[in-house]
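The block underneath contains the structure these notes are about, expressed in structure tokens.
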Amino acid sequence: MLLPNYNEARKRSKEEVKKEYYHLEGTIKNIGKEKKYYIKTYGCQMNEHDSENIKAMLEELGFREADNYLNADLILLNTCSIRENAHNKAFGMLGRLKHLKEKNKSLIVGLCGCMAQEEKVIDDIMKKYKWINFVFGTHNIHRLPYILEDAINSKKQEIEVYSKEKNIVEGLPVKRASKYKAYVNIMYGCDKFCTYCIVPYTRGKQRSREKDEILKEIVELVKEGYQEVILLGQNVNAYGKDFDYHYNLENLLEDVSKTKIKRIRFMTSHPWDFTDGMIEVIKKYPNIMPSIHLPVQSGSSKILKLMGRRYSKEEYITLFNKIKTIPNVAVSTDIIVGFPNETEEDFTETLDLVNYCKFDNAYTFIFSPRIGTPAAKLEDKIPIETKEKRLNILNEVVNKYFLENNQKLVGKKVKVLVEKESEKPGMLCGYTDTNKLINFIGDKKLIGKILDVEVTEAKTWSLDGKTC
Ligand code: 5AD
Ligand code: SF4
């Protein structure tokens, strides 16, 4: 049994990060024969992508994917810790699974992802959720086959969570959700330690993937017919800072661009590491999409300081204006309201910033204290009603700008990667260069292609269009 430890997770060592290749021992390959698995994924794209790896690993063990958790022999929850409601959702699901397991004793249930890295969660699992068969963390996904085999054979609860990240594991198999756009990890972990954020504890220290491994993966994706890659990391602008040679996101974007993949996106950026050179590279290469996710978190420099964000409102706006010099660019953001000590004036500053930036998209949240983070220790006197009121006001303002920005596109041609049939009957859907969802009437043969679509109608969260 290996349990998580926050003190260990918090430490940042200078220890060199090595690379190892995933390799499955022969004897284990049949443990999933004639069995079905179901994975429920919570949280960010990083988790989505981890689930793509986990699915492929399970299929190598003989498992097949179930269309519903009720038909599965193995159910795995890939969890998220970022806010309390992500926790609640996973624990709610565990409640349902407990009943299922009472009826079907041979059902295997596992938990992985960020919640597995939390001391308190593991403590609860060992005391109150003894029926969960196995747990593994974010640093040892590659160990899944062995942990699962032990859980099946020993019939005891298997918990294997590393507190500290170890090597970068290359060569994990992958079962991608899309045939046209692919997530590609470029780095793991985060060293920024924003005071509210659990990620540096659950995902460990910043480790960049070697450029050659990333480019090899993308060249392969191009050969397989992929049109778009989304370069993933908690703080992609810090890519390469942990190398002992000079190679950064600017250089990587340029190299990825030369692979001739049609579309490149990257996320998430932190304003601190966003260089002028990056902006020039984005302008220079047409296959780097003009769509930047640049979380601001607050419009008050006082709150930004308490959040440990390392920039002021003015510095954010200066960077925002530079990014806006990229032709046709769309900027989206994340905003937290109700951070401890946020006054009405601070909140008004956030609204002022939104009114200035007129974001194309924004994800808005109420501050959620996460055990073990510095912000969770701050005295929080703001009543929940006030926080909810601020969130509602903020949402009204951000929504107004989503619609206004979308309305500017009506009558214009936009380039769309057609992804699938839309939920709207008879229509297809995809995303524009600027990452806006668009629904339009078209033949199914267009799926997987990049084409011009004329925007006919603007809504708050999507566009309608017709093929030109
Ligand atoms: N409470 C509320 N929102 C949070 N986020 C991260 N941690 C918290 C928290 N403790 C938000 C930030 C981040 C996004 C991924 O989630 O806005 O950018
Ligand atoms: Fe969390 Fe992002 Fe800050 Fe890292 S940069 S600590 S992931 S909010």
### Task
Just name the residue that is surrounded by the most Cβ atoms within 10 Å (Cβ to Cβ) out of those in segment 158-183 that are within 18 Å of the chain's Cα centre (by Cα) and of a type in the set (D, E, K, R).
Lys181
### Task
Among the residues of segment 109-148, count how many are closer than 22 Å to Val174 by Cα, touching a strand residue (DSSP E or B) at 6+ places or on another chain (Cβ under 9 Å) and either of a type outside the set (Lys, Arg) or crowded, with 24+ Cβ neighbours inside 10 Å (or both).
20
### Residue match in segment 317-334 (condition: of a type in the set (Val, Ile, Thr) and within 12 Å of ligand 1 (Cβ to nearest atom))
yes
### Message
Condition first: surrounded by 14 or more Cβ atoms within 10 Å (Cβ to Cβ), of a type in the set (D, E, K, R) and away from ligand 2 (no atom under 16 Å from the Cβ). Now tell me which residues in segment 366-411 satisfy that.
### Response
Asp380, Lys387, Lys389, Arg390, Lys400
### Query
Based on what the data block shows, is Ile264 over 21 Å from Glu20 (Cβ atoms) and either modelled with pLDDT of 95 or more or buried (at least 21 other Cβ atoms within 10 Å of the Cβ) (or both)?
yes
### Message
Exactly one of these conditions fails for Val199: (1) within 13 Å of ligand 2 (Cβ to nearest atom); (2) at pLDDT below 95; (3) within 18 Å of Glu165 (Cα to Cα). Give me its number.
### Response
(2)
### Summary
Of the conditions (1) small (Gly, Ala, Ser); (2) under 26 Å from the mean Cα position of the chain (by Cα); (3) surrounded by 13 or more Cβ atoms within 10 Å (Cβ to Cβ), the single one that Gly32 does not satisfy is (2)
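Counting only residues that are within 30 Å of Gly225 (Cα to Cα), give me the strands (runs of 3 or more DSSP E) lying completely in segment 259-372 with at least 2 of them.
Answer list for segment 259-372: 263-267, 291-293, 330-337.
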### Query
Taking into account only those residues within segment 303-321 that are in contact (Cβ under 8 Å) with a residue 40 or more places away in the chain and in contact with a helix residue (DSSP H, G or I) (Cβ under 6 Å, 6 or more places away or on another chain), which is surrounded by the fewest Cβ atoms within 10 Å (Cβ to Cβ)?
Arg310
### Query
Hey, any hits in segment 78-90 for a residue that's over 20 Å from Asn47 (Cα atoms), in contact (Cβ under 8 Å) with a residue 40 or more places away in the chain and of a type outside the set (Ser, Thr, Tyr)?
no
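The values are calculated or read from the model by the stated rules, or taken from the named source; none is laboratory data. Quick caveat, the model's predicted, so the values are computed rather than measured. Note that each Cβ is placed from the backbone with ideal geometry, even for glycine, and that neighbours are counted across all protein chains shown.
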